[in-house]
Amino acid sequence: MKKPFQFKEFSVNQDQCAMKIGTDGVLLGAWTPLERNPYSVLDIGAGTGILSLMLAQRCNAELIDALEIDEKAYEQCVDNFEQSPWGDRLFCYHASLMEFAEEIEDKYDLIISNPPFYSEDYKTKDSNRDLARFQDAMPFEHLLQAVSVLLEEDGVFSVVLPYSESEKFIALASQVGLFPNQILQVRGNPTSEIKRSLMTFSFRKTEISTSELIIETARHEYTEDYIALTKDFYLKM
């Protein structure tokens with residue numbers, strides 16, 4: 001078994017998960033606003049469980065549910081939850097999003113997702129990795145429809161997407177009554193194009209608060225903003 005990915009307050013095994021821990025997930029887990037002190041959280045497409053674990057560290061939510069369709073990833077997520085300091089607050093369901101949305105009557109104060117979003121035509125020979133990475137495993141329409149059903153009236157939905165997909169996603173969200181409130185645009189370095197959009201949505205139309213994050217000025221020379229955002233998690237920050 002490969003060594004777990006070690007964070008400051010927890011570790012994550014990822015050898016059974018197609019999608020490994022990456023910058024997208026860590027940024028989303030660290031950035032997602034918690035001013036509303038959520039009581040209940042849902043992590044859609046949990047993978048290793050990294051987002052749930054980060055939120056367990058950051059807030060006092062009593063109930064943090066995760067949802068994972070891939071069997072090996074689900075088992076690993078459960079194991080990562082049990083090994084963590086917050087095992088009593090974390091629970092993972094093994095089900096598809098549409099099944100879950102139809103059967104669960106609870107609603108959540110915060111829903112978070114790092115969804116699969118490679119909509120390109122190519123696929124690899126690893127079906128589990130494709131399931132995790134490709135949008136047809138969980139189309140944006142399905143994700144947004146489920147969120148509109150599962151989110152509390154005054155709840156928040158937080159998501160990370162490729163910048164190139166963000167306008168399409170905002171348009172689809174408006175069709176189910178969800179509107180962007182905060183957007184963080186992420187660049188790898190000062191001269192690179194915007195690569196990712198981290199966004200929060202709610203049922204409230206507000207003026208959109210937009211900001212930008214640059215990850216590094218040179219290779220492994222991280223910006224103060226990036227360090228400030230991730231220092232509670234990464235060992236070497």
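The values are calculated or read from the model by the stated rules, or taken from the named source; none is laboratory data. None of the values given here were measured: they were computed from a predicted structure. Reconstructed Cβ throughout: ideal geometry from the backbone, glycine too, with neighbour counts over all protein chains shown. Protein only, heavy atoms only, side chains kept; ligands, DNA and RNA dropped before computing areas. Shrake-Rupley method; radii C 1.70, N 1.55, O 1.52, S 1.80 Å.
Residues of segment 16-44 that are part of a helix (DSSP H, G or I), of a type in the set (A, V, I, L, M) and open to solvent by 40 Å² or more (accessible area, probe 1.4 Å): none at all. Among the residues of segment 181-202, those that are open to solvent by less than 50 Å² (accessible area, probe 1.4 Å), over 19 Å from PRO139 (Cα atoms) and under 18 Å from the mean Cα position of the chain (by Cα) comprise ASN181, ILE183, LEU184, GLN185, VAL186, SER202. Every test in (1) of a type in the set (S, T, N, Q); (2) in contact with a strand residue (DSSP E or B) (Cβ under 6 Å, 6 or more places away or on another chain); (3) not in a strand (DSSP E or B) is passed by THR200 save one, and that test is (3). Checking each residue in segment 149-170 for being over 23 Å from THR23 (Cβ atoms) and open to solvent by less than 50 Å² (accessible area, probe 1.4 Å) picks out LEU150, LEU151, GLY155.
State whether the residues of segment 203-220 include one that is open to solvent by less than 40 Å² (accessible area, probe 1.4 Å) and within 15 Å of the chain's Cα centre (by Cα). No: zero hits. Considering only segment 101-136, state which residues are at pLDDT below 65, of a type in the set (D, E, K, R) and not in a helix (DSSP H, G or I). Scanning segment 101-136 gives GLU120, ASP121, LYS123, LYS125, ASP126.
Inspection of segment 63-77 identifies at least one residue that is among the aliphatic types (A, V, I, L, M), open to solvent by 10 Å² or more (accessible area, probe 1.4 Å), farther than 30 Å from GLY188 by Cα and in contact (Cβ under 8 Å) with a residue 24 or more places away in the chain. Pull up segment 69-100, narrow it to residues that are part of a loop (DSSP other than H, G, I, E, B) and modelled with pLDDT of 95 or more, then point me to the one that is farthest from the chain's Cα centre (by Cα). Across segment 69-100, the extreme among qualifying residues is PRO85. When segment 1-15 is limited to residues that are outside any loop (DSSP other than H, G, I, E, B) and aromatic (Phe, Trp, Tyr), the one that is most open to solvent (accessible area, probe 1.4 Å) turns out to be PHE5.
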